[in-house]
Each structure stands twice: as structure tokens, then as C-alpha cells.
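Data first, discussion second: the structure below is written as C-alpha cells.
The values are calculated or read from the model by the stated rules, or taken from the named source; none is laboratory data. The structure displayed is predicted, hence computed values, not measured ones. Cβ placement follows ideal geometry from the backbone for every residue including glycine, while neighbour counts extend to all protein chains displayed. Remember, those area values only see protein heavy atoms, side chains included, never the ligands or the DNA or RNA. Shrake-Rupley method; radii C 1.70, N 1.55, O 1.52, S 1.80 Å.
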Amino acid sequence: MIYLDYASTTPLLKEVKEAMIKAMDVYGNPSNGYTLSDGSRQILEDCRQVLSERLNGFDGRFIFTSGGSEANTTAIMGSSVDTIFYNPTEHDSTINAIQNFHYRNGMTIKKLIVNNEGIVDIGNLEAMLENASELGSILISVMMVNNETGAKNDIKTICEIVHQYDCAVHCDMVQALPHCQIDLDDLGVDYATFSAHKIGGPKGVGALWIRNGYDLRSTIFGGKQEFGLRGGTENIIGIAGFEAAIESLDVVDLENKAIELRTTLFENLKNKNIEYISNSPIDPQKRTNAIINISIPRLHGDSTVIALDQFSKIFVSTASACSMSGKSYVLKEMGLSDDRIASALRISFGPNTTSDEVVKFVEELAKVYVVFGGGSNENG
């Protein structure tokens, strides 16, 4: 088996599994005041502390959620704004929350413009803000790293501009967490979302960071857990795993390794005479190296994914795993043709990916290319 879909989810790290097993014996409810609950409360606060240290989030607080989707939904539907400007290549959870919030509350929503690399047009954003005097309070939602193409938005510059107009910024950092050195204070975001299962942690746990001075309304009602913003007893076992995953994360090592794997991938595609078009940014400063999106004109993306799975036990994807239709609206917003979108593949690397696996993937892809794409392959 060769797994090249780390942008979808990641294998559970050994140290994460050990931390979760240990936490299974800690059964006191953290909301109770007696000493039996001290262990559960300690797990919560230890994870908050580690997140604050690793992400420089001391000027805010972390709210634990069931994952990145809930964190995004809370940031959007918990806000008390009149207008939302949003990046059209955001994750489904953000876009769906915005559209539902608009439908229920009659608020104004404005779509930002992205260029042909999927990066937000900052000049357009500033022009929209300059003409927004009648729109009331505004929240801008822009992700840091796109989950399908690896494109990186210049979040620090966006925040500097947005704050000049006294508006707030929500940033989905789920895909940035494994690949970028995040400094929440330096970037200037007001709300940020994270997920454990993208960094070797468990599924079903994430976090929403809220800068001091910014408020949200609860979207899950119950008790007063998580500073009154997220009712329900916390997932102590998952949070223990989240902490272990954060402590094990080595962004620099992952990106350096991804650079080598990326080079191996493209060298082998060339050697095997596989024609492709890159859908990820060319400039390395505008992308993460671990998420690669390419179109192979002679192949259909969905059919290629199925063929690689059934015949070679190699796992890649086309669009986001959360995309309802299976078709990439991200690539559509970038202005790509239907044919190019239909032939797209997403390959994503993780800490366990090896060069030999990448070479083997291209070898098997070359077979699909000849059989299903009608291509010639002199070297394979």
C-alpha cells in the first residue's frame, strides 16, 4: 500500500496512540469540582498550553471542538457581523456556514476574487473594503493554505489591510498546521481554526483560537464548557492525542522532505513521458510543497484514482474529501476549464512518505496513462 493523500487525513502517530490509551484511564468529568476531575482538567489545560506555545497564541484562547469543520462553523455562525467577505476557494465547512448564515439571518455576503493560482487578490480586497462604508461590521474569511492545491495566501498582509478598516479576520489554518510555522500574534488573525487529524492526531478533535477582545456566540448549547462557547463534555481522550501530535510536529523537517519528494515526483513524470499541467503555484513562496495538484489531459481524474486503488493499492485523490459533488469548485474558481478540472489529481505527502513510494506511484501511473490515456511511454 502506498498512501499519498495526507491532505485528506494522516495515520495516527505511535506517541499519539500511547497518549490516548493513557488518557482512557482518566475518567473524571473536567467540569466537576472534586479532585477526581483534576486529571481531566489537566489534560485540557496542558493541551491549551502546548498549542499556545507552539503557535504563539498567548494573546487569545483555544476552544476545543469536534474538528476543523465545527471550528470554522463556530467562527462564522457565532460572529455578530453584518457582512462577510469570503475567499471562494475556502473549505466546504466555511462556505456552507456562510451560505446558511446568510440564508437564516439575511446578512450580506461578498465573494473575493482569486487569481489563476487560487490566491486571493489583495488589491481587490482592499478596493472592496474602501467601498464598504454602508455594509456595517465585516468579517473576512481567508484560509492560509488551500487543501486542494497547496496555495498559500499572504495572511499577514491581509490582516494588516483589514485591520485598517476595523474589520476582523477568520483564517482556516487546518492545512497550514502541518506545513507552516504559525505565529498567531505576528500574523494578526482574530480567529483561527485547527484540526488534529492532519498532523498525526485523532479524528474528531480540533480547536478554534479567539484573540482577546473578540467575542463569539455559542453554536452548540449545553453547559458552560469551553468558556461558555461550546457546550458538552470535552473529548478528553482526543485532546490528549491532539497535544501529543502538536508536540511531535516538525514543520521544517516535513517541508524539507516534501521539497525532495516533489522533485522526485516531477523528475519521474518527465522520465516516463507523462504530460501534465500543474495547478499549484509555481513560486515556492506561494505554496506548500507537500500538496501537489496536477492535471493529466489524457486521463480522467476519478477513473485514475479508482485504477490506482484497484490495481496498485496506491491512494491519491481528486478534489477535497469533503467535497459533496466530487468536483473541484476550487479549480473552477481559478478559471480552469472543465476538461482540466476533470483530469486533476491531488498528491500529498506526509512524514512517512518515501522517495521509493513516489517512484512506484509514477511507475503505476504510467501504466494507467498507456492503457486508459492512449499515450505512448517509451520508458515504461
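Key figures
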| read-out | value |
| --- | --- |
| Selection from region 127-159 of residues that are open to solvent by 50 Å² or more (accessible area, probe 1.4 Å), part of a helix (DSSP H, G or I) and farther than 26 Å from L208 by Cα | E130 |
| Any hit, region 274-282, residues being over 14 Å from L365 (Cα atoms), open to solvent by 70 Å² or more (accessible area, probe 1.4 Å), out of contact with any Gly (no Cβ under 8 Å at 6 or more places or on another chain) and among the aromatic types (F, W, Y) | no |
| Any hit, region 51-73, residues being of a type in the set (A, V, I, L, M), modelled with pLDDT of 95 or more and under 22 Å from T219 (Cα atoms) | yes |
| Failed criterion for T233 (all others in (1) in a loop (DSSP other than H, G, I, E, B); (2) closer than 28 Å to K332 by Cβ; (3) among the polar types (S, T, N, Q) hold) | (2) |
| Residue within region 168-181 that is closer than 20 Å to S80 by Cα and open to solvent by 10 Å² or more (accessible area, probe 1.4 Å) present | yes |
| Residue within region 305-321 that is more than 30 Å from K14 (Cα to Cα) and either in a loop (DSSP other than H, G, I, E, B) or at pLDDT 95 or above (or both) present | yes |
| Qualifying positions in region 192-220 - open to solvent by 10 Å² or more (accessible area, probe 1.4 Å) and in a strand (DSSP E or B) | R211 |
| In region 73-120, residue farthest from T193 (Cα to Cα) [restricted to those that are touching a helix residue (DSSP H, G or I) at 6+ places or on another chain (Cβ under 9 Å) and acidic (D, E)] | E117 |
| Residues of region 191-245 satisfying the condition of being of a type in the set (K, R) and over 13 Å from V174 (Cβ atoms) | R211, R217, K224, R230 |
| Complete set of residues in region 322-337 that are at pLDDT 95 or above and more than 17 Å from A151 (Cα to Cα) | S337 |
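Residue by residue, here is whether (1) touching a Leu at 6+ places or on another chain (Cβ under 9 Å); (2) closer than 30 Å to V358 by Cβ; (3) surrounded by fewer than 22 Cβ atoms within 10 Å (Cβ to Cβ); (4) basic (K, R) holds:
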residue	(1), (2), (3), (4)
V189	no, no, no, no
L229	yes, no, yes, no
G241	yes, yes, no, no
I246	yes, yes, no, no
D250	no, yes, yes, no
E255	no, yes, yes, no
E260	no, yes, yes, no
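So that you can scan it fast, the table gives a plain yes or no per residue for (1) within 22 Å of the chain's Cα centre (by Cα); (2) among the aliphatic types (A, V, I, L, M):
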| site | (1), (2) |
| --- | --- |
| I95 | yes, yes |
| I98 | yes, yes |
| M107 | no, yes |
| L112 | yes, yes |
| I119 | yes, yes |
| G123 | no, no |
| L135 | no, yes |
| I140 | yes, yes |
| D154 | yes, no |
